[in-house]
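The values are calculated or read from the model by the stated rules, or taken from the named source; none is laboratory data. Fair warning: this is a prediction, and the values are worked out from it, not measured in the lab. Because the Cβ atoms are built from the backbone with ideal geometry, glycine has one as well, and the counts that use them run over all protein chains shown. The area values use the complete protein model at the heavy-atom level, side chains included, leaving out ligands, DNA and RNA. Shrake-Rupley method; radii C 1.70, N 1.55, O 1.52, S 1.80 Å.
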Amino acid sequence: MSKIRVIFINGTSSTGKTTLARNLQKSLSDKWLYMDMDHFIEMMNPEIAVFDKNHPKFLEKTSGFYAEKSGDGYHIDVGLLGEKILSDMVEQVKNMLELGWNIIFVGVRPYEKQLKQIKENLAKFNPLTIYLYASEEIIQNRELGRDNRLTGSTVELLKRFEGKNLHDLQFDSGATKAEIITKEIVEKHDLDNN
């Protein structure tokens, strides 16, 4: 079997996906790039990717990304252009892989169908999929410590996450430090490290 050329790290916000991605990148060759779903969302017009409570369109349905009130917090939903950018993001990952780069790709794709599409689209690059999670309490504490998150959105998303068992690996980031997870991944998997 060919070496792993793409690592997809999936999970709700505040589970340590970016920390793990950066640790993996430091542990691998210079050919490994880090790409994050947030970077693609930030490319969108801020009038259709609204997460700021002070924005006049906060809680309005948009074609990009928008928040809806949900219990004590918020639920983040995706419009047609939001789905398009997420789909196009996978195509951009694929393009970079075709150009010879290896990719550590971070995202929040909670539905089984979405994960299956990513695996199918990147199959020829032998993807390694990782699901990062933590307890509700830990996620809530991390979320409160970050000023760029909508309170309650991460726990709400955690409850909706499907397909956890479809990932190649699962780690509880509340119980295991990113450095230990990184070491296990690098030592136990055939990553393209040339």
(Q) Over the range 71-158, what is the relative contact order in percent, taking alpha-carbon pairs closer than 8 angstrom and at least six residues apart? (A) 45 percent
Q) So, in nm, how far is label Asp77 from label Ser29 when the simple model puts each one 7 Å beyond its Cα toward the Cβ? A) 4.6 nm
Q | In sequence order, calculated HN-Hα J values of the range 41-47 (Karplus, 6.51, -1.76, 1.60; Hz; x Gly/Pro) | A | 4, 5, 6, 6, 4, x, 6
Q) If you place +1 on the Cβ of every Lys and Arg and -1 on the Cβ of every Asp and Glu, how big does the dipole about the Cα centre of the range 9-50 come out, in debye to the nearest 20? A) 300 debye
Q: Counting only GluC sites (Glu not before Pro) that are in a DSSP loop and have at most 14 other C-beta atoms within 10 Å, tell me the longest site-free stretch of the chain.
A: 61-161
Q: Using +1 at the Cβ of each Lys and Arg and -1 at the Cβ of each Asp and Glu in the chain, identify which of Thr19, Leu166, Val186 lies farthest towards the dipole's positive end.
A: Val186
Q: Report the extension gain between Gln92 and Asn121 in nm, rounded to one decimal, defined as 0.36 nm multiplied by the number of residues separating them, less their alpha carbon distance.
A: 9.3 nm
Q) Which residue, Gly79, Gly16, Gly71, tops the fluctuation ranking in a GNM of the chain built on C-alpha contacts under 10 Å? A) Gly71
Q. In the neighborhood of Ala21, defined by Cβ-to-Cβ distances under 12 Å, what is the net charge if each Lys or Arg adds +1 and each Asp or Glu adds -1?
A. +1
(Q) For the full complex of protein chains and a 1.4 angstrom probe, list Leu28, Leu144 by accessible area with the highest value first. (A) Leu144, Leu28
**Q.** Residues Asn193 and Tyr111, FRET efficiency given R0 of 35 Å [Cβ-Cβ distance, rounded to 0.05]
**A.** 0.65
Q) Residues of the chain: accessible area per residue at 1.4 Å, in Å²? A) 52 Å²
Q: Would you calculate, for the chain, the mean residue ellipticity at 222 nm contributed by helices, counting each DSSP H stretch of 4 or more residues as -39,500 (n - 2.57) and dividing by all residues, to the nearest 500?
A: -11500 deg cm²/dmol
Q. In the structure shown, do any of Lys53/Lys113; Lys61/Lys164; Lys159/Lys183; Lys53/Lys164; Lys3/Lys116 have a Cα-Cα gap over 26 Å, and if so which?
A. Lys53/Lys113; Lys61/Lys164; Lys159/Lys183; Lys53/Lys164
**Q.** With DNA, RNA and ligands ignored, accessible area of Ser70 (1.4 Å probe; Å², nearest 10)
**A.** 40 Å²
Q | Rounded percent of accessible protein surface that carbon and sulfur make up, the range 78-122, 1.4 Å probe | A | 55 percent
Q.
Given the whole protein assembly as supplied and a 1.4 Å probe, what does the accessible area of His75 come to in Å², nearest 10?
A. 20 Å²
